[in-house]
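Here is the structure we will look at.
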Amino acid sequence: MRIVVGFTPAGTTDIAARLLAEPLGRRLGQQVVVENRPGAGGNIGNQVVAQADADGHTLLMQTISGGAINYSLYGPRMPIRPEELAAVGLMLRVPNAIFVTPALPVRTLRELVDYAKARPGQLNIGSSGAGTSLHMTGELLKLEAGIDLTHVPFRGAGPMLQETIAGRIEVAVDNLPSVIGHLREGRLRPLAVTTKERTPAMPDVPTTAEAGFPGVEATAWFGLQAPARTPRPILQRYSDELNQIIREPDMQRRIADLGGMAPALTPDGGTSPETFEAFIRAEITKWSEVVRRSGATAD
């Protein structure tokens, strides 16, 4: 059995899949492998799973990018449609972090905005790919703050973080789990998180609203999907297993340490195929408006 990840290793999508693979395999009594198929903001992984046999042996670790943003960002060039994937369940939600290379002489989001306004077009802002929530968070920041930053997309969080640590990218956005170690150890400087409330994982880092930019709000999410033809009993079985796994105390601790939050789509704080499907539809609608306002493209 495989969980397909549409991004490179070391990013949050990969971290989430590997967190899930071991306990899921243990509960199912079989090996679960993570298969990285990066490219096109998660679209290659989407296509691999949409075209896979619907026998329950292939799942997709879906993201806000491939599951919502890309449908409007890529438009007619999007290789699949939402109905080609079936919802299993939401695994976790995480803040995005806005941060800078320590060489940049700014320590707050307001200072970054002032610095960028004095240097229009001179600062680069990195993301793990065009169309990701990281790209769109950067676009929201540019819109709300009225600044001109040059977007530099990478093929994953790993290479983007390396370039930012080296100082070749001045500003970047990443899901908190994949950057939190660098932020805690001082290799990168956090300016804000993009959720309404501060994250317990980094309680000293203000929210974008506290920094004066309440419109820059984006919560990344990660969940399981399967080929659309997968039988309903299989989808429900995987959803039930996912609920049990994310309720395990050890898994809750690991998710919280990464800055993640529980799914909370059902009254008991869990998830289901129906609630995740409705959630995805709402996200597609929300982010299509952001893409329209920003004028962002996948190029």
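The values are calculated or read from the model by the stated rules, or taken from the named source; none is laboratory data. Please read all numbers here as calculations on a predicted model, not as lab measurements. Cβ placement follows ideal geometry from the backbone for every residue including glycine, while neighbour counts extend to all protein chains displayed. All accessible areas refer to the heavy atoms of the entire protein, side chains included, with ligands and DNA or RNA removed. Shrake-Rupley method; radii C 1.70, N 1.55, O 1.52, S 1.80 Å.
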Segment 195-299: relative contact order in percent, alpha carbon pairs under 8 Å with at least 6 residues between: 19
Can you name the helices of the chain, as whole DSSP H runs, whose Cα span along the helix axis is 15 Å or more and whose Kyte-Doolittle mean is not below 0.0? 12-28, 133-145
Loop sites in segment 96-182: trypsin sites (Lys or Arg not before Pro), DSSP, at most 16 other Cβ within 10 Å: 107, 155, 168
Taking a point 7 angstrom from the Cα of residue 150 along the C-beta vector, which residues in segment 110-133 have backbone N less than 18 Å away? 115-130
Residue 51 versus residue 292, label points 7 Å from Cα toward the beta carbon: distance in nm? 3.2
Relative contact order, percent, segment 110-222 [alpha-carbon distance under 8 Å, six or more residues apart]: 25
In straight Cα distance, which lysines are under 22 Å from residue 117, not counting same-chain residues fewer than 8 positions off? 142
Search the structure for amide H atoms under 5 Å from the amide H of residue 221, placed 1.01 Å from N in the peptide plane, and list their residues when 5 or more places away or on another chain. 64, 94
With loop defined by DSSP as not H, G, I, E or B, and exposure as at most 12 other Cβ atoms within 10 Å, which is the longest segment of the chain clear of exposed GluC sites (Glu not before Pro)? 1-184
Classify segment 8-114 from the C-alpha gyration tensor, please: rounded if a/c falls under 1.5, else prolate or oblate depending on whether a/b exceeds b/c. oblate
If contacts are Cα pairs under 8 angstrom and at least 6 residues apart, what is the relative contact order of the chain in percent? 27
Pop a pseudo-label 7 angstrom from the Cα along the beta-carbon direction at both residue 202 and residue 103 and give the gap in nm to one decimal. 2.0
Before I look further, what does segment 203-262 give for accessible area per residue, probe 1.4 Å, in whole square angstrom? 45
To the nearest 0.05, what FRET efficiency results for residue 22 and residue 229 with a Förster distance of 25 Å applied to their C-beta separation? 0.35
Option label - semi-axes √(5λ) of the Cα gyration tensor in Å computed here, alternatives (1) 40, 27, 18; (2) 39, 21, 17; (3) 32, 20, 17: (3)
Looks like segment 193-288, by Cα gyration tensor root eigenvalues a ≥ b ≥ c and the a/c under 1.5 rounded cutoff (else prolate when a/b is bigger than b/c, oblate otherwise), is oblate
